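Structure record follows, encoded as structure tokens.
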Amino acid sequence: MNKFFDQNGEWHWFTGGLFVSILAMVTYVLFEALSYKSYPFGITAGYGFVAALFRHLFSSLSVNPVIHKFATVPAAFVEFFMLIGVALGGYTAAKSHKNYAPEVIPAVWEKYHGKNVWKRFLAVIFGGFFLGWGAALGSGCTTGNILQGWAHLSLGSIVAGASFFVTGIITAKLLYPKIGGEK
């Protein structure tokens, strides 16, 4: 067994943590060089940059100060490419793993909620809406709050991150009341 991977061929927790720590330091230095202030690692501003691309089509977006900020802050442009990188990286990692098998309805979802694709789709849309709303309320996404905020010992990020975990556990218990996803 390689010391960077576990017996399943997946990254060891220490390897993943080391890479995330290095990424956090590099992006912090990069964002500090690009912005007028220190700017923590995250991807929320990437979504703001995408919204800013549409500011010329919708008059209400063009006068919105938050959208204007995302259109002018260079770090938002970098986070836009991080969004693309997250998608490409996830896809590449999935395809490189020998056990990769795409599924529309995961087995654990099917066990508790059936095979209805529309029910799954609505749950994802509903959950995504609340995830975005929570990111707005928490002044950043889980990535920025936990990976950077906790590293800086930010009390707001620690509270936000703890609430992410607690809410995730409650949601998992509501969606999947029994332990395990076997059929």
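A few points about this structure:
- All aspartates and glutamates inside 17 Å of Lys95 as judged from Cα atoms, apart from same-chain residues fewer than 8 positions distant: Glu10, Glu103
- Toward the positive end of the charge dipole of the chain, with +1 on the Cβ of Lys and Arg and -1 on the Cβ of Asp and Glu, the farthest Cα among Phe77, Ile105, Thr167 is that of Ile105.
- Taking every C-alpha pair closer than 8 Å and separated by at least 6 residues, the mean separation divided by the residue count of the range 9-102 gives a relative contact order of 25 percent.
- Among the chymotrypsin sites (Phe, Trp or Tyr not before Pro) in the range 98-176, those placed in a DSSP loop whose Cβ has at most 11 other Cβ atoms within 10 Å are Tyr100.
- Under 5 Å from the amide H of Ala151 lies no amide H of any residue 5 or more positions distant or on a separate chain, with H modelled from the backbone and absent for Pro and chain starts.
- Here the sum of -39500 (n - 2.57) over DSSP H runs of 4 or more residues, divided by the residues of the chain, equals -20500 deg cm²/dmol at 222 nm, to the nearest 500.
- Nearest-ten-degree value, helix 155-175 long axis tilted from longest Cα axis of the chain: 30
- Based on C-alpha pairs under 8 angstrom that are at least 6 apart in sequence, the chain has a relative contact order of 20 percent.
- Applying a DSSP loop filter and a limit of 13 other Cβ atoms within 10 Å to the GluC sites (Glu not before Pro) in the range 95-183 leaves Glu103, Glu182.
- On Cα atoms only, tilt of 74-96 relative to the major axis of the chain in degrees: 20
- With Cα atoms, 0 to 90° folded angle of helix 117-137 axis to the chain main axis: 40
- Entry for mean projected area of the Cα convex hull in nm² (calculated from the structure that is shown) out of (i) 13.3; (ii) 10.6; (iii) 16.6: (i)
No value in this document is a laboratory result; all are computed from the given coordinates. This is a predicted model, so every value here is computed, not measured. All Cβ positions, even for glycine, are placed from backbone atoms using ideal geometry, and neighbour counts span all protein chains on display.
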